[in-house]
Every structure is written in C-alpha cells, then in structure tokens.
Amino acid sequence: DLIREINAASINNEDMERFKGRSTLEMIQSVPTIPTAFPKTLNTCGRICIHNSGRFVIVSNRGHQSIAILRVKDHGPQKGQLSTVGYFHTRGETPRHFQFDNSGQYLIVANQDSDNISIFTFNQSSGEIKFTGNDYRLPSPNFVCCCALHDDDDESVGTHGEVDSTGMSDPLQVDSVKSTFSNSLDDKEKLKNQLARAMAEVERLKLVLDMACHDDAQIMLGRHMVRGVEEVE
C-alpha cells in the first residue's frame, strides 16, 4: 500500500516529504556468513550477489577467506528465506570480489591480498563450488568482469568436459586462447591496412615534393634567363 501511495504521489508531482521515515522494507531473517566458531570481529563481507538462476545467494568473507553460499527457499511458509549450503575457501586472502561467467557454471574469485584469482566450478543443483586447479597471479585484483569474446552458439568450444581442438578441457582456457588468437589476427590485419595507407601517403608526398622541386627549377631558370638578357642589353 505504501509503495502504491508513493508511486501515485510521484506521478502527480506531489511533495514526497510526508514519506520520510516510512520504510517499505521489513527484515524477516538474519543469516551469518561465517561459522559460529569464527570471531565476527575478524571478518568483513566483500560482496553479495544472487546467482542468475535465482536459487542461490553468494557472499565473500574477507578474514575467513571464504565464499558463503546460501540457498533460497522457493516454496512453503518460509519461501524467500535462506538456508546455508556451506563455506568454501577461496584459495587466497581477502576475496574482494567475485563473478560468475555467462553460463553460471564457473565462479571467478579475486583474492586481493594474495595477488591471485581462483576459478571454481559451480554445481547449480547443490550450490556447492569446487576448485578447478586454475589459479592466476596478478597484483591486487579487486574486481572481476566477464566479457563475451565469442559467439555463445559457437559449437567449436567443448562442453561437459569434452576436449576442444586446442587440447584443453577447461572452457575458460579455450576461450582465452581463441580470443587471443582472434585478436592477434585482427591486429595484424589492422596493421597491414595502416601500413598500406602510410605507404600511399608517402608516395603522394613524394609526388608533391617532385612537383615543388620542378617548379623551383623553372623559377631559377627563368631568373637566369632574365639576368642574361639584362647583361646583353
């Protein structure tokens, strides 16, 4: 009712002052993101997000060095409330940020204070994650962004553990290699086009310079002829 009232007032350009102090939010549950035995003063949360399936809430713990995964109850009197799936070590320190890939099957975690990112598989049925063994070193990562670098319908990328033509079974590695190769070809073609344009410009400048030199020679010849005539006179 309050939301409808606020919406109506907004549409009618009414003063919104009367809505101050009236909250539309009501807390129905408070859930810890770390085990009860771990001191709360030694931990802060880094990020919270909802899996694209809408079935899980994921939180990173800086201090406990873990990812907490919570299941969203989708039926019954407690619908919308959370239950704990588990706590999973991030294979690093201070998980500042994390992100799922576009498929929702891989979780990439940025461990800021250990200078690494770790890759996990995500079980969309149980909500559990498992370390893939892929760990990459880079200085103080604090944000992860997944960008589509190829057509998602590309059948050349192996799925469900199949090995791609590159010899790698990890889709993330396959995508990385393919995108790098594709970018290299694009860069090479761009350089070729730039070189061709530069060479054409050089030839044009040579022609302009030749014409200018020819004009200067004609002018000098004309001056000499005039001087010769004056001396004869």
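The values are calculated or read from the model by the stated rules, or taken from the named source; none is laboratory data. Keep in mind that this is a model prediction, so the values were computed, not measured. FYI the Cβ positions are ideal-geometry reconstructions off the backbone, even for glycines, and counts take in every protein chain you see. When the accessible area is computed, the model is the full protein with side chains, heavy atoms only, and any ligands, DNA or RNA have been set aside. Shrake-Rupley method; radii C 1.70, N 1.55, O 1.52, S 1.80 Å.
With Cα atoms as the point set, region 1-65 shows a radius of gyration and Dmax of 18.7, 53 Å.
Annotation: lysines with alpha-carbon distance below 28 angstrom to Lys130 (same-chain offsets under eight excluded): Lys40, Lys73, Lys79, Lys178.
Placing R0 at 41 angstrom, the Cβ-Cβ distance between Glu203 and Phe143 gives a FRET efficiency of 0.30 after rounding to 0.05.
Remark on region 30-97: hydrodynamic radius 12.4 angstrom, per the Kirkwood mean of 1/r across alpha carbon pairs. Label sites at Glu26 and Lys79, each approximated as a point 7 angstrom past Cα along Cα to Cβ, lie 1.6 nm apart.
Working note: Karplus 6.51/-1.76/1.60 with θ = phi - 60° gives region 16-23 the couplings 8, 4, 5, 8, 4, x, 9, 8 Hz, where Gly and Pro are set to x.
For region 1-40, the solvent-accessible area with a 1.4 angstrom probe is 89 square angstrom per residue.
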